Amino acid sequence: RDNWDFKLYLRLLVHYPFEDEDKETTSLLFYQTNYDVISGKHNLTKEKIVSLAALQILNEYGSDLNQAKTAVNKNLQKYVPAKALKEHNINELRQLILEEYSQISDFKRNEAKVNYSTILEDLPTYQTQQFDAKFNLTKSGTNDDNIPDDCVIGIKPEGIVILDRDRNQIVMYKYETILNWGISNNQFILNLESSLTDVRKVCFFTSQTKIIQDLVEIYCNLLIGKTMKEIKE
């Protein structure tokens, strides 16, 4: 082919507070979050799926009901995760999405983007960078938290969340309970405070150990009051 058609996507690696009026950051976060929703990185109820789809359509078509109907009828897979299309009645989803859209069609596009992220705030996967992993029982010694062999490591502003592959939370390790951490080429190791004198180890096999370590270090530095500028320096 002489001509290549491709898109370049930017992602926020570190989540930090910002004002809703910051339209550039709001927009970037919306498209990043939307990609994560459609690609199945959140475990969503039908109600959330409907609300998110209605907001996405509103952001694209404003208050144009005809275009909204066309989008829902012809391209539902663009607005709903593939897993949800298998688990729920498609015609019912279309109807519910359009009903919700009609109730919010007077929202401004920036409001739609802000509300999109707000819907996800109560999920353990909100504001997480996710990495596929395998629990290393041999190195850990015990499995007190009942972590499945195949799991997901989620790095977020307040701690490290361990998920199963369906994105259900297994356990959350707050940064203040982590004594230290370490990496090798294919392992991420946490030393956790289990009592005043005891330490327990939790170890995972994963291919992206360096970026996981960098994220944990950044969030720990943010928690003790450092600015992003100070961390970069």
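Can you work out which of the residues in segment 79-108 that are of a type in the set (K, R) and surrounded by fewer than 17 Cβ atoms within 10 Å (Cβ to Cβ) is farthest from K174 (Cα to Cα)?
Just the residues of segment 79-108 that are of a type in the set (K, R), to begin with: 83, 86, 94, 108.
Filter again for surrounded by fewer than 17 Cβ atoms within 10 Å (Cβ to Cβ), leaving 83, 86, 108.
On the way: K83: 30, K86: 35, K108: 37 Å.
Across segment 79-108, the extreme among qualifying residues is K108.
Contact map, segment 94-110: residues that are within 18 Å of K78 (Cα to Cα) paired with residues that are of a type in the set (D, E, K, R) and surrounded by fewer than 19 Cβ atoms within 10 Å (Cβ to Cβ), Cβ distance under 8 Å, separation 6+ or inter-chain. Pairs shown: L96/K46; L98/K69.
Collect the residues in segment 128-150 that are open to solvent by less than 50 Å² (accessible area, probe 1.4 Å), part of a loop (DSSP other than H, G, I, E, B) and touching a residue at least 24 places away in the same chain (Cβ under 8 Å), keeping them in residue-number order. Within segment 128-150, T128, N136, D145, I147 meet the criteria.
Scanning segment 151-169 for residues that are among the hydrophobic types (A, V, I, L, M, F, W, C) and either at pLDDT below 95 or part of a helix (DSSP H, G or I) (or both) yields no hits at all.
Looking at (1) buried (at least 16 other Cβ atoms within 10 Å of the Cβ); (2) within 24 Å of the chain's Cα centre (by Cα); (3) farther than 21 Å from A71 by Cα, can you tell me which one A112 breaks? It is condition (3) that A112 fails.
Quick grid of which residues meet (1) in contact with an Asp or Glu (Cβ under 8 Å, 6 or more places away or on another chain); (2) modelled with pLDDT of 95 or more; (3) of a type outside the set (S, T, Y):
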| residue | (1), (2), (3) |
| --- | --- |
| V199 | yes, no, yes |
| F204 | no, yes, yes |
| K229 | no, no, yes |
| K232 | no, no, yes |
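Counting just the residues of segment 103-125 that are in a loop (DSSP other than H, G, I, E, B) and of a type in the set (S, T, N, Q), which one comes out farthest from L55 (Cα to Cα)? Among those residues, the one meeting the criterion is T125.
So which residues in segment 151-189 are open to solvent by 80 Å² or more (accessible area, probe 1.4 Å) and within 13 Å of F205 (Cα to Cα)? N185, the sole residue that qualifies. Just one of the listed residues (L215, L163) is touching a Cys at 6+ places or on another chain (Cβ under 9 Å), hydrophobic (A, V, I, L, M, F, W, C) and closer than 30 Å to K83 by Cβ, and it is L163.
If the requirement is being without any contact (Cβ under 8 Å) to a residue 24 or more places away in the chain, closer than 25 Å to R165 by Cβ, open to solvent by less than 30 Å² (accessible area, probe 1.4 Å) and not charged (D, E, K, R), which of these qualifies: L76, L120, L44? Break it down into steps so the answer makes sense when it comes.
Working: L120 fails: without any contact (Cβ under 8 Å) to a residue 24 or more places away in the chain; L44 fails: without any contact (Cβ under 8 Å) to a residue 24 or more places away in the chain.
Just a single option satisfies the conditions, and that option is L76.
The values are calculated or read from the model by the stated rules, or taken from the named source; none is laboratory data. None of the values given here were measured: they were computed from a predicted structure. Quick reminder, even Gly has a Cβ in these numbers, built from the backbone with ideal geometry, and neighbours come from all protein chains shown. For the accessible areas, the whole protein counts, side chains as well, though only heavy atoms, and no ligand, DNA or RNA atoms are used. Shrake-Rupley method; radii C 1.70, N 1.55, O 1.52, S 1.80 Å.
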